[in-house]
Each structure stands twice: as C-alpha cells, then as structure tokens.
Amino acid sequence: MNRAPALYVVTDRHATSGRPLVETVARVLDGAARAGVSPGTVAIQLREKDLEARALLQMARSLRTLTARHGAALYVNDRADVALAAGADGVHLSGTSLSPSEIAVIAPTLSIAISAHSPGDVARAAALAATENAKIRFAVLGPIFDTPSKRGYGAPLGLAALAAVKALALPVLAIGGVSLGNSRECLDAGAAGIACIRALLAEENPEEIAFLVSRAILESAPTH
C-alpha cells in the first residue's frame with residue numbers, strides 16, 4: 001500500500017487496560033470499517049521496543065493477518081528485518097534508526113514512515129523523499145499536544161507546526177495527545193491524518209472511538 005494513512009494506530013501493549021494487543025487492534029479496525037473508511041485509510045505501527053526479535057515477529061505476523069483482512073497497512077518500528085519476515089508493508093524510522101537510503105538498499109520493497117519532532121525535520125524528510133530512491137510515504141510530527149509519552153521530545157509543538165508543513169509534498173500525520181476531541185483541529189490545521197496510541201487502545205470501547213475518529217476523518221476529507 002503506497003498511500004499515507006489517515007488513521008495511524010501506534011501499538012503499546014501496556015496501554016490496553018489488560019486486554020490482548022491483537023484483540024484490541026482488531027476492535028479498532030472493526031470500528032474504522034464500520035465507519036466506512038476505504039482500504040488504505042488505516043495503518044498499524046507495531047511499536048513494542050522491549051520485545052526481542054522472535055516475540056516481535058510473532059506479534060507482527062498476527063497483526064499482518066489481521067490488517068490484511070481489513071485492507072490496512074502494517075508498519076514495524078525500526079526493525080526492517082522483522083517487517084520483511086512478517087510480510088509487512090513498511091518500516092517506521094526514528095532519528096536513531098537506519099537511514100531511508102540504507103533501508104532502500106536492504107529492503108527496497110518496504111515503504112517508509114518517518115518520525116519528526118519539528119517542521120524542520122519534516123522539511124528534511126520531504127527533501128529526501130524527493131531526491132532519494134527510498135519510499136518515504138509520510139512523516140509523523142509531534143508532540144502536537146501535551147502527553148506523558150512524548151514529554152521527552154520537548155514542549156508541545158501546537159497546531160501551528162502542522163500549518164507550517166502543510167504545503168510540503170510529504171503527507172504529515174499529527175501525534176502526541178491527539179484524541180477524538182481534537183482530531184478535527186489537527187486535520188483542519190493541515191494534517192493529512194492523525195496518529196493515536198492511548199486515545200484508542202486504552203479506551204473501554206476502542207471500536208466506538210475508532211468509529212467516531214474515522215467519521216471525523218471522512219467528514220474532513222476534501223470533497224473535490
């Protein structure tokens with residue numbers, strides 16, 4: 001799948017209120033499907049940094065089966081080897097990962113998502129996407145709002161950061177404190193989509209929140 005997702009669900013198995021991660025992701029995908037989103041609108045990022053390779057691959061394969069059933073993309077955080085072995089669509093890179101050009105050499109079939117923490121990071125990713133052979137599909141920019149999981153990346157960037165990168169050719173998703181209550185603000189500010197962790201996975205009814213978030217995305221989509 002080559003398009004940027006409008007809803008990017010980032011996994012954290014410690015944030016599911018004790019429910020199995022794959023089961024919770026299934027409920028999210030069911031809710032999005034009930035909202036009427038088209039294939040490719042939703043993607044899952046497997047981001048379980050504390051898992052060793054074998055356990056991570058097992059989870060990736062379970063999620064690959066699930067996402068394939070729903071027409072959703074699967075990205076694996078950092079681990080191109082696991083992404084390839086699981087048949088995932090792409091790999092998500094941070095500042096400490098291999099570079100996009102290196103991924104293009106070792107895993108040319110994988111699409112690439114980039115973590116960004118400033119408009120400048122996005123601009124550099126957009127320049128790479130335009131000049132290199134790497135398949136950089138989108139960037140995830142944040143934190144847009146305050147959230148405990150992203151405080152290590154500095155103060156919230158605010159909606160102005162999304163507006164600042166709106167004109168770039170690379171699609172940008174908003175992350176960091178993004179929820180049902182403010183998702184429309186992010187989309188109106190220029191985000192091509194939103195990325196969520198606890199706003200979906202920690203909810204008692206993740207399918208209902210996914211339904212409502214997906215409806216907000218559909219209603220914000222251009223009509224022309």
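The values are calculated or read from the model by the stated rules, or taken from the named source; none is laboratory data. These numbers were taken from a predicted model, which means no experiment stands behind them. With ideal geometry, Cβ positions are generated from the backbone for all residues, glycine too; neighbour counts draw on all protein chains shown. Please note that ligands, DNA and RNA were not included when accessible areas were found on the heavy atoms of the full protein model with its side chains. Shrake-Rupley method; radii C 1.70, N 1.55, O 1.52, S 1.80 Å.
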Review point. GLU132: over 22 Å from ASP78 (Cβ atoms) and either acidic (Asp, Glu) or touching a residue at least 60 places away in the same chain (Cβ under 8 Å) (or both), yes or no?
Key: no
**Study point:** Residues being within 27 Å of PHE145 (Cβ to Cβ) and part of a loop (DSSP other than H, G, I, E, B) - total across the stretch 96-118
**Key:** 4
Review point. Any idea which of LEU46, LEU29, LEU51, LEU93 is touching a residue at least 24 places away in the same chain (Cβ under 8 Å) and farther than 18 Å from GLU203 by Cβ?
Key: LEU46
Review point. Within the stretch 58-75, is there a residue that is more than 21 Å from HIS14 (Cα to Cα), in contact with a Phe, Trp or Tyr (Cβ under 6 Å, 6 or more places away or on another chain), surrounded by fewer than 17 Cβ atoms within 10 Å (Cβ to Cβ) and in contact (Cβ under 8 Å) with a residue 12 or more places away in the chain?
Key: no
Exercise for review: Could you tell me whether any residue of the stretch 178-188 is within 14 Å of the chain's Cα centre (by Cα), modelled with pLDDT of 95 or more and of a type outside the set (Gly, Ala, Ser)?
Suggested key: yes
Exercise for review: Could you tell me which residue of the stretch 186-206 is nearest to THR16 (Cα to Cα), considering only residues that are surrounded by fewer than 20 Cβ atoms within 10 Å (Cβ to Cβ) and in contact with a helix residue (DSSP H, G or I) (Cβ under 6 Å, 6 or more places away or on another chain)?
Suggested key: ALA202
Study note, to complete from the structure: The residue from ALA80, ALA125 that alone is over 27 Å from GLY181 (Cα atoms), hydrophobic (A, V, I, L, M, F, W, C) and buried (at least 22 other Cβ atoms within 10 Å of the Cβ) is ALA125
Study note, to complete from the structure: With criteria (1) within 27 Å of LEU128 (Cα to Cα); (2) at pLDDT below 95, ALA195 comes up short on (2)
Check your understanding: Which one of ARG54, ARG47 is farther than 29 Å from CYS186 by Cα, open to solvent by 60 Å² or more (accessible area, probe 1.4 Å) and among the basic types (Lys, Arg)?
Key -> ARG54
Review point. Is it the case that some residue within the stretch 108-121 is under 16 Å from the mean Cα position of the chain (by Cα), closer than 18 Å to ILE175 by Cβ and open to solvent by 50 Å² or more (accessible area, probe 1.4 Å)?
Key: yes
Practice item. Select from the stretch 87-101 the residues that are modelled with pLDDT of 95 or more and surrounded by fewer than 22 Cβ atoms within 10 Å (Cβ to Cβ) and list them in ascending order. Key: GLY87
